[in-house]
Amino acid sequence: MKKITWLTLLIICFIDFSRAQDQTQQLTNIQKGNYLSYLTTRNSSGKYEGGLRDLTYRITSIKDYRIFPEHKEVYMIRGGDPDRPDKNKELMFLPDNEAYPITYIEKVFEGNKSMQEELGFAPRINPYTDGNRLVFLDQKIYMIENWKDKDNYTLLAVLEYQPKKVSKFKLMKETMKSPKKMNALQPHEKLQQYLDTAFKKQKEHYATWIKKAENTNKVAHTKSVLDLTLKAIKKKNEDWRNSAEYKRIKERNQMAKSHAQNSYAIVINQTGQDIYLYTEGSNNGSVIRNGSSVSTIDCTKNQYYTFSAGMSSREGTKIITANQSCGLQVIVK
């Protein structure tokens, strides 16, 4: 009986330790390569509906964090176009806490390359991307948006490593199995349990960690780097805005804008079908799709439209009279 009791206690302790691991420790089980993205949408009864994104999710590299080397910089392609791999953008994720991270945040370092080389590195504070986070848990990646705190966020998907390229057929099979898989995993509950446990550990660990002088100094130094970099960027911006060259460019841009307004009109197509626009005397029409607009219509010449391609201005209906609609919106109904 005692053996069973001790075994049970060991299992419980192991589970609690696993849940309490910080994200850098959890990251040791994350492999580089491609991941499948399992959607975590639930219906009104709380059941997972399943589904997979046919997009590229890839951990491209994991490097030592340049400010706090005990943690990592994670590089990831998130939702890239599988048909245009050359256009996929690589994003960087950094730990949310110097002592005990419980998420990794989408970040960039402030300043340009020369500033970083001279002053050092500091993560940019960006409210538009700071809500995008990753949580590494049990060899899976939980993808989060709209993060406000550990109880307020949106879990978008769970990423699972795929050692081999996934064919369209396998993707279809995985999609069919995904509702059962997500209902078995219960990712929202699993993630919340981890965050609740790890958040308490983070508070305890950081309170001790920050008392060490070397850690306090490093945090203060990173803030100094950020402040100085921002001051340098601000001064540089002020310098070029106050320069004679900047004023000349602004003046020329304004002249170009005024010229464009005096030379072009905007045509908005609200007819319910595509229309074809012809300049007077022309047999070559340009299409304006239903519900769309074109802002570079020459208003210095008469313009006509038809509902059929391959016609001419002679067969069309006039919508612009030369030099009378410049800078204006012309709605075709």
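The values are calculated or read from the model by the stated rules, or taken from the named source; none is laboratory data. Note that this is a predicted model, so its numbers are computed, not measured. No Cβ is skipped: glycine too gets one built from the backbone with ideal geometry, and neighbour counts run over all protein chains shown. The protein model used for the area step is the full one, side chains on, heavy atoms only, and it has no ligands, DNA or RNA in it. Shrake-Rupley method; radii C 1.70, N 1.55, O 1.52, S 1.80 Å.
Brief remarks follow.
- Residue pairs meeting the criteria (Cβ under 8 Å; at least 6 apart or on separate chains; first within 23 Å of T279 (Cβ to Cβ), in region 238-266; second of a type in the set (S, T, Y) and open to solvent by 90 Å² or more (accessible area, probe 1.4 Å)): Y264/T296
- Condition check for D81: among the charged types (D, E, K, R) and more than 15 Å from the chain's Cα centre (by Cα): no
- Options K190, K201; residue that is over 28 Å from the mean Cα position of the chain (by Cα) and under 20 Å from F136 (Cβ atoms): K201
- Hits in region 224-240 (condition: within 16 Å of S114 (Cα to Cα) and hydroxyl-bearing (S, T, Y)): T229
- Within region 77-133, the set of residues being open to solvent by less than 60 Å² (accessible area, probe 1.4 Å), more than 21 Å from D227 (Cα to Cα) and charged (D, E, K, R) comprises just one member, R133.
- Matching residues in region 25-52 - criterion: being of a type in the set (G, A, S) and open to solvent by less than 60 Å² (accessible area, probe 1.4 Å): G33, S37, G46, G50, G51
- Close pairs (8 angstrom Cβ cut-off, 6 or more residues apart or separate chains): free of Cβ contacts under 8 Å to residues at least 60 places away in the same chain and on the phi < 0 side of the Ramachandran plot in region 215-229, assigned to a helix (DSSP H, G or I) and among the aromatic types (F, W, Y) anywhere: none
- Residue in region 201-214 that is free of Cβ contacts under 8 Å to residues at least 40 places away in the same chain, open to solvent by 40 Å² or more (accessible area, probe 1.4 Å) and of a type in the set (A, V, I, L, M, F, W, C) present: yes
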